[in-house]
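Written below as structure tokens is the structure these notes are about.
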Amino acid sequence: MTSSSGAPAIEVRDLVVTNGEVTAVRGVSFSIPQGGRMGLVGESGSGKSMTALALMGLLPMGWSTRGEVLHDGVDLAKLSDKALSSRRGRTLSMVFQDPLSSLNPVRRVGDQISWVIRHHTGVDKRTAEHQAIAMMTQMTLPRPESLMRAYPHEISGGQRQRIMIAMALACYPQLIIADEPTTALDVTVQKQVLRLLNAAVSERGSALLMITHDLPIIAAMCDTVAVMYAGRIVEMGPVRQVFRHPRHHYTRGLLDSQPTMDNFALDGTSRLVSIPGMVPPLHALPDGCGFNPRCPAASDRCRTIMPELTGDTLKSACWHPIARVDEVAAQ
Amino acid sequence: MNVSPFPGDSRPLLEVRQLNHAYPLRRHKLFEPRSVLKVLQGVDFAVRRGEAVGLVGESGSGKTTLSRMLTGVEKPHDGHVLYDGSDVWSGTPEQRQLFRRSVQVVLQNPRSSLDPRMRVGTSLLEPLRSLKIEGDHAARVLEVLDQVGLTKSAMERFPHEFSGGQLQRIAIARALMPGPKVLIADEPVSALDVSIQAQVLNLLKDLVRDLGLGLVFIAHDLSVVTYTTSKVYVMSSGKIVEVGKPLDLFRAPKAEATQNLVAAILTVELGLSGKAFA
Ligand SMILES: Nc1ncnc2c1ncn2[C@@H]1O[C@H](COP(=O)(O)OP(=O)(O)OP(=O)(O)O)[C@@H](O)[C@H]1O
Ligand SMILES: Nc1ncnc2c1ncn2[C@@H]1O[C@H](COP(=O)(O)OP(=O)(O)OP(=O)(O)O)[C@@H](O)[C@H]1O
Ligand code: SF4
Ligand SMILES: [Mg+2]
Ligand SMILES: [Mg+2]
């Protein structure tokens with residue numbers, strides 16, 4: 001189900017998301033080609049979910065967008081709610097961060113999946129139910145027939161999340177936005193689900209926007225990655241390049257605070273490296289680079305002038321980027 | 001090496017013995033006999049003062065159900081839940097009250113565990129009110145906010161004004177309000193990004209050390225569990241299948257469930273190698 005032109009699956013230009021008082025997304029631009037996969041990582045509160053919700057037209061009350069969101073030949077940012085909602089689940093769909101609050105608590109989960117299928121494909125109830133069971137089986141959910149009749153609170157967190165993924169994939173969308181789709185899953189199921197999501201996305205030729213704080217998942221699933229901080233993209237490029245040779249200090253910090261089995265002391269006294277401080281609140285963003293209060297390399301310039309995102313394949317927004325290995329060697 | 005600051009304190013503070021629990025399964029045909037799902041089968045589990053214990057297992061293995069038994073929100077079909085040596089479900093009302101106040105929980109999802117209509121400050125006071133705890137409540141709020149690294153400006157705001165990561169600190173703060181002896185944390189960092197995750201894990205570790213808290217840490221990320229705990233229980237299909245020191249367990253897993261968990265660990269390097277789903 002690819003559109004005729006070679007247009008990207010989605011192109012976002014200078015997206016701003018604000019409620020008049022505070023601005024959660026401050027000028028974000030990126031583009032994902034058809035079938036491409038982009039990861040979006042960043043500190044909690046950096047605006048990842050708000051970006052996703054803006055693309056879906058599902059922002060909370062009082063929030064609005066500026067900028068362009070080009071998808072399937074239209075600017076989603078200018079569509080009416082009604083036009084947008086007919087697309088949701090069809091040409092673009094989303095797996096939400098919090099499955100419990102996005103499933104209806106008083107409806108059986110089976111009815112909810114079949115409703116999505118019927119709503120977008122118009123098949124009859126029985127067919128939709130069969131498809132729903134098939135999808136639950138594909139998502140390796142145990143006892144799908146009995147789960148169909150369960151209410152959301154009666155199933156485990158991991159099971160709920162797989163149901164959400166099944167719903168998002170139901171209609172072969174051009175773009176799937178997955179907001180932390182596997183955080184509630186244990187590692188074994190996580191790997192299974194990622195493998196399934198991976199296969200389903202390839203099979204459908206869908207593009208993927210994968211939002212997660214889990215760098216290994218991005219490394220495994222995506223070709224490009226954008227790192228967000230305080231409402232802006234601070235680094236963006238091919239995954240390998242960004243993870244192996246980050247130029248932005250925040251990306252470096254993220255990579256360093258990754259817990260791995262080998263970097264623990266056995267005596268229980270080990271401390272994880274953590275980036276000191278926290279993400280600044282939206283109403284008190286610092287001048288200049290948003291990361292400057294936490295950055296080991298911050299200078300006066302960082303504290304006054306906002307760095308722009310620049311570069312060719314690897315783009316970074318930093319006044320004092322980390323030197324590449326070849327640059328260091330040349331010195 | 002024993003690093004517990006309370007090495008002499010070997011008696012379990014919170015313990016379950018031979019727990020069994022089952023849920024009725026939904027019938028998909030009206031006249032089918034009702035079958036049950038055995039969610040907990042003969043589970044033994046214990047946590048001591050100043051000890052951090054991990055609980056891992058595949059999705060649906062019964063971790064959250066066990067945590068519901070440990071906090072007393074659900075009564076097991078059979079078996080015992082003991083706090084400080086006495087049976088929670090047959091003790092005196094005073095013992096129950098002490099248990100309720102001493103065992104607090106931090107849930108998987110802070111967004112659904114905090115009341116959206118309440119200011120954070122009010123939410124923080126709520127456990128003190130419902131447990132009828134007296135004292136200088138305002139001072140307690142400030143003390144706890146400080147312990148979790150938040151400023152007092154958080155008190156005036158509503159949950160929707162925070163992101164998931166910020167909310168989890170608030171949830172930890174709320175759990176600390178009644179001055180618990182045991183903290184049960186169900187996937188407390190799975191919704192947090194790595195840099196804050198590291199801070200929260202360091203925070204939990206400090207709380208265990210400084211306050212002598214017993215911590216039950218439920219997670220599916222083995223590296224996180226290894227970092228945070230000194231003993232790990234592995235659950236599978238309602239049973240504890242292996243117990244041990246985290247690094248021993250993960251270097252030489254014996255039970256199949258543990259082996260599966262170890263084999264599924266994903267790292268940045270593995271991801272970049274393109275072999276993650278091989
Ligand atoms: N309904 C709302 N009202 C006010 N502020 C909000 C609302 N929703 C989010 N915010 C704020 O917007 C900013 C961006 O939040 P967002 O949920 O996009 O973060 P995120 O990057 O998805 O974080 P996380 O990793 O915790 O999910 C945060 O500072 C948050 O406090
Ligand atoms: N109220 C309930 N009624 C019926 N079945 C239930 C209920 N609560 C849980 N279950 C079932 O009990 C099993 C154990 O669930 P539990 O939530 O304890 O798993 P978990 O180990 O915490 O999983 P996860 O890692 O996915 O959170 C699951 O198969 C679930 O579907
Ligand atoms: S611009 Fe300055 S403060 Fe920001 S990351 Fe670069 S060096 Fe650090
Ligand atoms: Mg989010
Ligand atoms: Mg659970």
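The values are calculated or read from the model by the stated rules, or taken from the named source; none is laboratory data. Predicted, not measured: the structure shown is a model, and the values here were computed from it. As a convention, Cβ positions derive from the backbone with ideal geometry for all residues, glycine included, and neighbour counts pool all protein chains shown. Side chains included, ligands, DNA and RNA excluded: accessible areas come from the protein's heavy atoms. Shrake-Rupley method; radii C 1.70, N 1.55, O 1.52, S 1.80 Å.
Here are the numbers for this structure:
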{"item": "Other protein chain Cβ atoms within 10 Å, averaged over every residue that makes up A:273-283", "result": "5"}
{"item": "Cα-centred dipole magnitude for chain A, charges only on beta-carbon of K, R (+1) and D, E (-1), debye, nearest 20", "result": "600"}
{"item": "Calculated from backbone phi, Karplus (6.51, -1.76, 1.60) coupling profile of the stretch A:7-18 in Hz, x at Gly/Pro", "result": "4, x, 5, 8, 9, 10, 10, 6, 6, 10, 10, 9"}
{"item": "Stretch gain in nm, segment A:Asp223-A:Leu285, where the contour uses 0.36 nm per residue and the Cα spacing is subtracted", "result": "19.2 nm"}
{"item": "Selection from B:Gly135, B:Leu25, B:Ser10 lying farthest towards where the dipole of chain B points positive, charges on Cβ", "result": "B:Leu25"}
{"item": "Cβ-placed point charges (K, R +1; D, E -1), dipole of the stretch B:79-180 about Cα centre in debye, nearest 20", "result": "300"}
{"item": "Solvent exposure of the stretch A:209-251 as accessible area per residue, Å², 1.4 Å probe", "result": "21"}
{"item": "Carbon/sulfur fraction of accessible area - the stretch A:10-222, other protein chains in place, 1.4 Å, %", "result": "51"}
{"item": "Average beta-carbon neighbours from other chains, 10 Å sphere, peptide B:259-268", "result": "6"}
{"item": "Chain A: C-alpha gyration tensor shape, a/c 1.5 cut-off, then a/b vs b/c", "result": "prolate"}
{"item": "Computed accessible area, B:Phe162, all protein chains, 1.4 angstrom probe, square angstrom", "result": "10"}
{"item": "Two-site FRET efficiency, B:Arg11 against A:Glu145, from Cβ-Cβ distance with R₀ of 51 Å, rounded to 0.05", "result": "0.60"}
{"item": "Probe 1.4 Å, protein heavy atoms only - accessible area per residue of the stretch B:140-260 in square angstrom", "result": "32"}
{"item": "Dipole axis of chain A (+1 Lys, Arg; -1 Asp, Glu on Cβ), positive-most option in A:Leu309, A:Gly36, A:Leu272", "result": "A:Gly36"}
{"item": "Nearest-10 value in Å² for the accessible area of B:Arg49, using the 1.4 Å probe", "result": "80"}
{"item": "Cα-projected label distance for B:Asp78 with A:Asp312, points at 7 Å along beta-carbon direction, nm", "result": "7.4"}
{"item": "Magnitude of the charge dipole, chain B, Cβ model with Lys/Arg +1 and Asp/Glu -1, debye to 20", "result": "600"}
{"item": "Reachable lysines, given that their alpha-carbon falls under 25 Å from the alpha-carbon of A:Lys78 and they are not under 8 places away in the same chain", "result": "A:Lys48"}
{"item": "A:Val12, B:Val262, ranked by accessible area, largest first (probe 1.4 Å)", "result": "B:Val262, A:Val12"}
{"item": "The stretch A:53-124: trypsin sites (Lys or Arg not before Pro) in DSSP loop, at most 13 other beta carbons within 10 Å", "result": "A:Arg107"}
{"item": "Exposure of A:Asp300 as accessible area (Å², to 10), given a probe of 1.4 Å and all protein chains", "result": "110"}
{"item": "Chain B: radius of gyration and largest Cα-Cα distance (Dmax), Å", "result": "19.5, 59"}
{"item": "Buried area at the B-A interface (accessible, heavy atoms, 1.4 Å probe, summed, Å²)", "result": "5100"}
{"item": "Cut-off 16 Å (backbone N to label point 7 Å along Cα→Cβ of B:Lys231), residues of the stretch B:52-78", "result": "B:52-56"}
{"item": "Selection from A:Gly62, A:Ala9, A:Ile165 lying farthest towards where the dipole of chain A points positive, charges on Cβ", "result": "A:Ile165"}
{"item": "Structure-based [θ]222 nm, chain A - -39500 (n - 2.57) summed over DSSP H runs of at least 4, per residue, nearest 500", "result": "-9500 deg cm²/dmol"}
{"item": "Estimated FRET transfer efficiency (B:Glu269, B:Tyr23; beta-carbon r; R0 41 Å; 0.05)", "result": "0.50"}
{"item": "Accessible-area ranking of A:Met164, B:Met118, largest first, probe 1.4 Å", "result": "B:Met118, A:Met164"}
{"item": "Separation of alpha-carbon centers, the stretch B:200-278 and the stretch A:21-85, rounded to whole Å", "result": "36"}
{"item": "Unit Cα scatterers, Debye sum, the protein assembly as shown: log10 I(q)/I(0) for q = 0.08, 0.11 Å⁻¹", "result": "-0.57, -1.12"}
